[in-house]
Amino acid sequence: MIRLALWLLGALVLAGIVHLTTVLLLPRMATQDAYARVAAIAPVNSVIPIPAPTPEKALMPFMDPAFQVSVCRYDLSRGALKFSVPISQAYTSVSFYTRSDVAYYAINDRAAGRRVIELDLMTAAQRAALPENEEITAADRLIVTSPTSTGLIVIRALAAEVGWVPAVRTALASAQCRPQ
Amino acid sequence: MKLADSSCYTGRSNGYATGPNVRLLFGTVFALAIAAMAGLGATWMALTRGSAYGGVTIGAWTGWPKNGTSGIDPYARAMVSRTGELPVGSGDGVAFYARTDDAGQPLDGRCDVLLSGTTPQARFWTLTLYDPEGRLVANSAQRQGFTSQEIVRNADGSFDVLVGPRARPGNWLPTGGVDKYLLVLRLYDTPIGMASRTGSEAPMPALTKRACL
């Protein structure tokens with residue numbers, strides 16, 4: 001009996017290790033995560049509109065149908081990016097996700113405080129390499145530091161009523177995401 | 001050691017010797033099989049039916065404000081990778097999910113459910129109906145939700161939404177007759193978040209079940 005109990009105990013410890021390992025590894029192994037879904041339709045470093053979700057087809061589950069969405073799949077390995085989007089009449093937000101879909105930063109139109117949300121996206125190394133004098137002028141420009149060299153910028157603009165959709169789409173269409 | 005031939009292996013001792021090596025082999029195989037099954041089973045359970053830790057529950061609604069930050073816990077991360085969704089960033093808003101009514105009954109698209117009350121403070125909010133996999137539900141009215149701008153309010157600023165299979169006057173959110181659905185209330189530009197302990201005092205709309213088809 002003791003022997004059996006020991007084997008069981010060993011099995012349970014192993015089971016715990018298997019469980020934790022799979023949970024921790026899953027984000028790296030997933031092939032149908034949001035980044036992979038966006039990568040299938042979006043080239044690197046350009047803003048692409050995501051089709052509005054319908055009951056038949058949606059790029060991702062749990063998309064908010066009241067919003068028009070565009071994404072920029074970024075790659076900072078060649079250098080930092082400049083990003084800008086004019087805000088639309090109701091509500092505009094810009095969210096940043098790492099390669100493994102972690103939302104590390106988000107800003108909305110009110111927090112940006114201007115008619116255009118403008119910022120520079122770079123890795124920690126690129127930020128550290130900024131020349132000193134640029135660091136001073138950096139006070140009035142927003143710098144976002146990405147923890148990974150690739151990831152997603154997701155621009156969401158609310159079309160609170162159906163009639164607002166064209167205007168919101170126009171605002172999103174002039175969003176830019178390009179290497180400096 | 002030799003004497004402690006445990007009773008569970010006696011059935012296998014027909015014909016060949018159950019020496020220590022054979023027992024070790026059986027034990028190892030047994031332990032590995034249990035470990036694989038229990039470990040993977042626990043992962044599967046946690047990611048499909050489990051709800052991640054750190055949720056803020058108000059009535060029938062639960063939100064995970066931390067999932068929109070880099071402090072997202074490993075279970076929620078794995079879940080997000082598996083489903084392919086993108087969590088709402090915390091600088092953007094918070095999403096609250098309801099799978100049951102206030103009495104704890106699962107939301108059934110063949111029944112009428114009255115959603116009434118007010119939302120916590122937010123610049124905009126949206127209410128959306130999804131099937132359990134996060135897809136929108138087809139219906140004749142082509143309505144999948146309401147925004148705070150569209151909703152018809154009562155004189156005191158509160159609102160009522162009738163969620164059900166049959167058309168109703170007023171704010172009617174069609175269920176398309178699906179047997180299971182969930183409601184997501186997203187608050188945009190809201191002070192409700194992980195920093196606020198006020199979560200439990202925030203007013204969320206009540207969900208009351210009415211008649212069924």
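Please treat every number below as a calculation from the coordinates, not as lab data. For clarity, every value in this text was computed on a predicted model and none was experimentally measured. Here Cβ is always computed from backbone atoms with ideal geometry, including for glycine, and neighbour counts include all displayed protein chains.
The phi-based Karplus calculation (6.51 cos²θ - 1.76 cosθ + 1.60; θ = phi - 60°) puts the 3J(HN,Hα) values of segment B:134-144 at x, 8, 6, 9, 5, 7, 5, 7, 6, 10, 10 Hz, whole numbers, x for Gly and Pro.
Between A:R141 and A:A40, the FRET efficiency from the beta-carbon distance, with R0 = 30 Å, is close to 0.35. Note on segment A:34-179: semi-axes of the ellipsoid equivalent to its C-alpha gyration tensor, largest first and rounded to whole Å, are 27, 18, 11. Kirkwood radius and radius of gyration were both taken over the C-alpha atoms of segment B:56-212, and their ratio Rg/Rh is 0.95. The loop-placed trypsin sites (Lys or Arg not before Pro) in segment A:1-100, going by DSSP, that have at most 12 neighbouring Cβ atoms within 10 Å of their Cβ come out as A:K57, A:R78.
Counting only alpha carbon atoms, the long axis of helix B:20-48 and the longest principal axis of chain B meet at about 0°.
When B:C212, A:C177, A:C72, B:C111 are arranged by Cβ crowding within 10 Å, least crowded first, meaning fewest neighbours, the order is B:C212, B:C111, A:C177, A:C72. In chain B, excluding the sites themselves, the longest stretch lacking any of the chymotrypsin sites (Phe, Trp or Tyr not before Pro) that are in a DSSP loop with at most 13 other Cβ atoms within 10 Å is B:54-213. Phi-derived couplings, Karplus 6.51 cos²θ - 1.76 cosθ + 1.60 at θ = phi - 60°, listed residue by residue for segment A:104-114: 9, 7, 8, 9, 10, 4, 5, 5, 5, x, 9 Hz, with x used for Gly and Pro. Summarising the amide proton neighbourhood of B:V137: residues at separation of 5 or more, or on other chains, whose placed amide H is nearer than 5 Å comprise B:D131. Near A:S70, once Lys and Arg are set to +1 and Asp and Glu to -1 for all other residues with Cβ below 12 Å from its Cβ, the sum equals +3. Across B:V152, B:V161, B:V56, mean-square fluctuation computed from a Gaussian network of chain B (C-alpha pairs under 10 Å connected) peaks at B:V152. Within the shell of other residues whose beta carbon sits under 12 angstrom from the beta carbon of B:A206, the net charge comes to -2, with Lys and Arg scored +1 and Asp and Glu -1.
The GluC sites (Glu not before Pro) found in segment B:107-213 that occupy coil by DSSP, while having at most 11 further C-beta atoms within 10 Å, are B:E133. Backbone geometry of segment A:167-179 corresponds, through the Karplus equation with coefficients 6.51, -1.76 and 1.60 at θ = phi - 60°, to 3J(HN,Hα) couplings of 5, 5, 4, 4, 4, 5, 5, 9, 5, 10, 8, 9, x Hz, x marking Gly and Pro. Note on B:N21 and A:Q32: with the Förster distance fixed at 51 Å, the Cβ-Cβ geometry gives a FRET efficiency of about 0.70.
Measuring r between the beta carbons of A:I17 and A:Q89 and using R0 = 41 Å, the FRET efficiency lands at 0.15.
Here the spin labels are modelled as points 7 Å beyond Cα on the Cα-Cβ line, and at A:I2 and A:A125 they lie 5.7 nm apart.
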